[in-house]
Every structure is written in C-alpha cells, then in structure tokens.
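**Student:** Quick one: the structure is below, questions incoming.
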C-alpha cells in the first residue's frame, strides 16, 4: 500500500520568516512537498497472547523507515493515538517492524458478538484502521 502525504521541510517556522525589502514574498514562500510512503502489513499469530497481531513496516519512497513520531504523524489516525504501538523484530521475517501490542486483544474480542468463523474479520475491523489497513469490502459479502 502506498500513501501520499504532504510534508513541510524540517525545522521551518513559517511565522519566523522575514523578508528583506528587495525580496518578494513568493521567493521566500515555504512549499509543502508531497512524499510517498510505503506501508506493508502482516498478520502473525502470537503464541504468547494466543491472538493475531498486526505488524507493519512503513518507509519513505527512498527506503528510509519512519520514526515513531512520524508514524503517529502520518499513519496512525488521531482517534487511535492512544494505541500501544511497539517496534520489534518480525517473528518470521527477522526485520524490524512496528506492531499493535496484543496485550488487550483477548479481552476486547471477548466483548464483541460475532460468529467465530468471522474472528479475523471482526479483529481486522477493530485493529486494521489503527495502521491504515484497508479491509476489502469483499470480505464482508
């Protein structure tokens, strides 16, 4: 999955820009730039917690991984900023990944009513939006 984001150059305080008399305002305007980030999702079963876990890798188009702060700025919607996002080695790929910590998953899933055959659909409907995982509509038909 690719996401286009608007990103302002680092360390630019728009309010602190001053212009000389000869400078035109346009020549000193701060431009927003568009950056493409790549988002890759993996669902892995946690044998410790006995629930699925949503792992995700996120990087800029040049391959630079996003920092924790950038993930909350560009990936995690504001409604989910209290989510427990942790970084660790992917249990199968052996590469650094972010994941939504599964500590509360079992308790949350026990409060929901759904057919057990639809567990992954129900789980994804709760945890998918946290990391911008778009659930295909075809899963619910």
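**Student:** Less than 16 Å from a label point 7 Å out along the Cα-to-Cβ axis of residue 67: which backbone N atoms in the stretch 79-105 qualify, by residue?
**Tutor:** Residues 87 qualify, since their backbone N sits under 16 Å from the label point.
**Student:** At a 10 Å Cβ-Cβ cut-off, how would you order 132, 95, 121, fewest neighbours first? Numbers along the way, then the final one.
**Tutor:** Numbers: 132 18, 95 10, 121 14.
Lowest to highest Cβ neighbour count: 95, 121, 132.
**Student:** Could you list 45, 80 in order of exposure, starting from the residue whose Cβ has the fewest other Cβ atoms within 10 Å?
**Tutor:** Working: 45 11, 80 16.
In increasing order of surrounding Cβ atoms, one gets 45, 80.
**Student:** A further question on this structure: Roughly speaking, what is the stretch gain from residue 113 to residue 79, that is 0.36 nm per residue apart minus the C-alpha to C-alpha distance, in nm to one decimal?
**Tutor:** Values: separation 34, 0.36 × 34 = 12.24 nm, distance 2.28 nm.
Length gained, residue 113 through residue 79: 10.0 nm.
**Student:** Can you work out the FRET efficiency for the pair residue 50 and residue 92, with r the C-beta to C-beta distance and R0 = 30 Å, to the nearest 0.05?
**Tutor:** Details: r = 17 Å, r/R0 = 0.57.
Computed FRET efficiency for residue 50 and residue 92 comes out at 0.95.
**Student:** Would you please state which residues of the stretch 60-88 a label at residue 104 would reach in this model, taking the label point 7 Å out along Cα→Cβ and a backbone N cut-off of under 12 Å?
**Tutor:** Only 80-85 pass the distance filter.
**Student:** If one puts a single equal scatterer on every Cα of the stretch 40-134 and applies the Debye formula without solvent, what log₁₀ I(q)/I(0) results at q = 0.13, 0.16, 0.17 Å⁻¹?
**Tutor:** Values, matching the q order: -0.45, -0.67, -0.75.
**Student:** Okay, next question. Do you know the relative contact order of the stretch 40-134, to the nearest whole percent, from alpha carbon pairs under 8 angstrom that are 6+ apart?
**Tutor:** On the way: 101 pairs, mean separation 27.5, N = 95.
Over the stretch 40-134, the number comes to 29 percent.
**Student:** Hey, fewest Cβ within 10 Å first, where do 81, 41 land in order? Could you put the intermediate results ahead of the total?
**Tutor:** Details: 81 10, 41 17.
Starting with the residue having the fewest Cβ neighbours, the order is 81, 41.
Coordinate-derived values only; no laboratory data. Please read these numbers as outputs of a predicted model, since none were measured by experiment. Using ideal geometry, Cβ is built from the backbone for each residue, glycine included, and neighbour counts are taken over all protein chains shown.
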